[in-house]
Structure formats: structure tokens, C-alpha cells
Amino acid sequence: MRRVITILSLLCCLISFGGCHRRPLLEPDNRAVLQIKIQCQEIRNVTTGIYNEKVPTPEFHTDVMRVLFYNEAGTHLLSEGFLSDKHIDEEGNQVMTGNVMLAHGNYRMLAYNFDTPSTFIRGEEQWDGITAYTQEIPDSKYRSLNSRALADERIYYEPDQLFVVSEPNLKIDAHSDITTISVEAKPIVETYYIQIRVENVEYASSAVAVLSGLSATNAIGENTRNGEESSALYIELHKSTDENIEGENKDVLCGVFNTFGRVEDAPSNLYITMQAMTREGEYAEKTIDMTSVFLTEDARERHWLLIEDVWELPVPINPPGGGGGGFNPEVDDWIDEEVVVPIS
């Protein structure tokens, strides 16, 4: 009888052990830690491959990443959240971390830096529809741009740097403890440096450029630019010098700008119209066919748009004797005068 009781006790222990061992598979833990590394060390004209060190490059940092989870087909948005815990890894990249709840299964995941003042997102309901875009410039800026080359183009502000995680096949296995999901956010916006040589640049008080033949949007799920709608980009230019230019005059107007990319099927629309306002309030304008510039090795490999044409700005009728203007404002020295003020 004792032997039977002993055998029954052992069987109960084995059943109890087996039940504890298999329970996590029947009731998996849905907790997960999401880590997003923002890869910003190899961005041309921002962190690498800078042509003109005198021109300020766009700085990037983010405090919030927005995360969206879709069903396996990408037709329904299941949940969304925000990551705000940040640290810098040994390579200098930002890493955003946060907790998520995910049952085991197959998903599509998308994440992007949320704090972008000039870049907006629409169509979040479906994976294929989520799109990044920027605002069109106001009518007041249109009125100051009179080029006929841009008559059929809508002009937009340039986008901010946008870093995107796109995971179309995210598989979460059943797990008994907290699992870690490590992904990498990569830039989908291209950054270019543009430059034109200028004569009499000292007479310009401000300058802008409008570059056409560019995509107006980007479908960030698949990272595909809009190739059907060609648009133009509004770019602010700065005075600088280029020491690589031979000769005495090394003056240039230049700028660093972001874009969703070129429209490959619209080569004939690649024009740039630059306007410089002189100190007398007059506009000087130049239009250049940019098709050949985009075909150069500098443009293809390094995103440097180096225009060889020389833009000769008109000399004002009454040129100022000193500095001034919007680029380099100056104030004359104080002049001490002694005046007798009568008091009655």
C-alpha cells in the first residue's frame, strides 16, 4: 500500500512540473521592448561629404518617435504609440526605447521621428497610404516669383530630415518573458548642396532659389516618391566663397536643402530660378536648365549641384559706399557733436 502511495505521489509531482513548464506557452507574455537606432552618421551633405564647410549644415535630433502597428496585410492600423526615452550609443547614434504590448503573430510596423515642424504625415490608416508631404508656399511668395519656367509647377517648402523604420514582415513568436525588438531608422529624405558663381555679389541683399522637377511627397511605407506629380522647392541661399574656384572672384550663392527626390521621368522640367533682391529693392533673376547638372558625377555620387555659369548681378545706379543689406547688416560709428541748446 505504501508503495502505491509513493508511486501516486511521484506521478503528481511529474504532472505538476509538466504543467508549470508548459504554462507560458499557453499564456504567453505580450510585453516587449522596442529599440530604434536612428542611423544619422552617413547622411551626405549633413554628416559626411560636405562640400563647403562655411555653410551651416542642418542639425538633426529628435525627442519623439511615433510607432504604428498594422495587421499582416497592412490594411488596418491596429495600434500606435510614442517613444521618448533616448540615449546615445557608442557610434553617436540616437537610440529611442519604449515598452509595447504585442501578442504573438505577424504584423507590419512603421515608425518615424515625430517632431518635424515642416514635414507632415497623412493617410496613416493603411500601410500603403501613409505619406509624407510639406506645405505649399503662400501667395505672397508666389507673387515675388515671376519666372515663366515655373508657371505649371506648384512650389513647396523643403522637408525636414525624416528617419523611418519600415518592417513589412514583423513576426512575434510566443514568448514567456519580455522580448526585445531592435530595428534601425534610416533617412528617406535626400540632402543636396547647390552653388552658383556670382559677380557683384556684394550688391545682393537676399536670394532664394526655386528648383523644379522634384517629388512633392513620399509614401514612407515602401519609401517610394511620387513620380507622377512634379513640383518645385523653395530654397534660401547664402553668400559664401568657394576656394576651389580658380581666379580672383570666388564669390558664390549657395545653400543646403532637403528633398523627397527627383522625378526621373521629368528631365525637361529641371530648372532653377534664382532671385536676388538688390539694396535698391530691384529683383535680378536667372533661369538655368539643370538637366546636365544633375547628370554630373558630383550630382549623382555626392549630391553637389555645382553650376558653372556665372551670374552677373547688376550694379545699382547709386551703389552704397559701405556694407549693409540683408546678408551683412552694419551700423555706422557714433559721431560726437557738441550742440548748445537754448533754454528760455
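The values are calculated or read from the model by the stated rules, or taken from the named source; none is laboratory data. It should be emphasised that the depicted structure is a prediction, and the values quoted were computed from it without experimental measurement. Here Cβ is always computed from backbone atoms with ideal geometry, including for glycine, and neighbour counts include all displayed protein chains. The accessibility values were calculated without ligands, DNA or RNA, using every heavy atom of the protein model including side chains. Shrake-Rupley method; radii C 1.70, N 1.55, O 1.52, S 1.80 Å.
Annotations
- Options THR179, THR191; residue that is farther than 23 Å from ARG300 by Cβ and among the polar types (S, T, N, Q): THR179
- Residues in the stretch 284-314 that are part of a helix (DSSP H, G or I), of a type outside the set (Phe, Trp, Tyr) and open to solvent by less than 70 Å² (accessible area, probe 1.4 Å): THR291, VAL293, ASP298, ALA299.
- One residue alone among VAL256, VAL263 is modelled with pLDDT of 80 or more, farther than 26 Å from LYS54 by Cβ and either buried (at least 19 other Cβ atoms within 10 Å of the Cβ) or among the acidic types (Asp, Glu) (or both), and that residue is VAL263.
- For the residues ILE121, ILE50, the requirement of being hydrophobic (A, V, I, L, M, F, W, C) and over 27 Å from GLU222 (Cβ atoms) singles out ILE50.
- Filter result (among the aliphatic types (A, V, I, L, M) and either closer than 29 Å to HIS104 by Cα or part of a strand (DSSP E or B) (or both)) within the stretch 44-72: VAL64, MET65, VAL67, LEU68
- Those residues of the stretch 121-160 which are modelled with pLDDT of 95 or more, outside any loop (DSSP other than H, G, I, E, B), open to solvent by 70 Å² or more (accessible area, probe 1.4 Å) and of a type outside the set (Lys, Arg), in sequence order: TYR157
- Within the stretch 223-239, residues that are touching a residue at least 60 places away in the same chain (Cβ under 8 Å) reach partners that are assigned to a strand (DSSP E or B) and open to solvent by 70 Å² or more (accessible area, probe 1.4 Å) with beta carbons closer than 8 Å, at six or more positions or on different chains, in the pairs LEU233/TYR157; TYR234/TYR157; LYS239/ASN328.
- Restricting the stretch 58-84 to residues that are of a type in the set (D, E, K, R) and open to solvent by 80 Å² or more (accessible area, probe 1.4 Å), the residue that is nearest to THR191 (Cα to Cα): GLU59
- For the stretch 98-112, the set of residues classified as assigned to a strand (DSSP E or B) and surrounded by fewer than 16 Cβ atoms within 10 Å (Cβ to Cβ) consists of ASN99, MET101, GLY105, ASN106, listed by residue number.
- For ASP115, the conditions (1) closer than 25 Å to PRO159 by Cα; (2) assigned to a strand (DSSP E or B) all hold with the exception of (2).
- Pick from the stretch 28-43, criterion open to solvent by 50 Å² or more (accessible area, probe 1.4 Å) and assigned to a loop (DSSP other than H, G, I, E, B), ranking: nearest to GLU297 (Cα to Cα): GLU42
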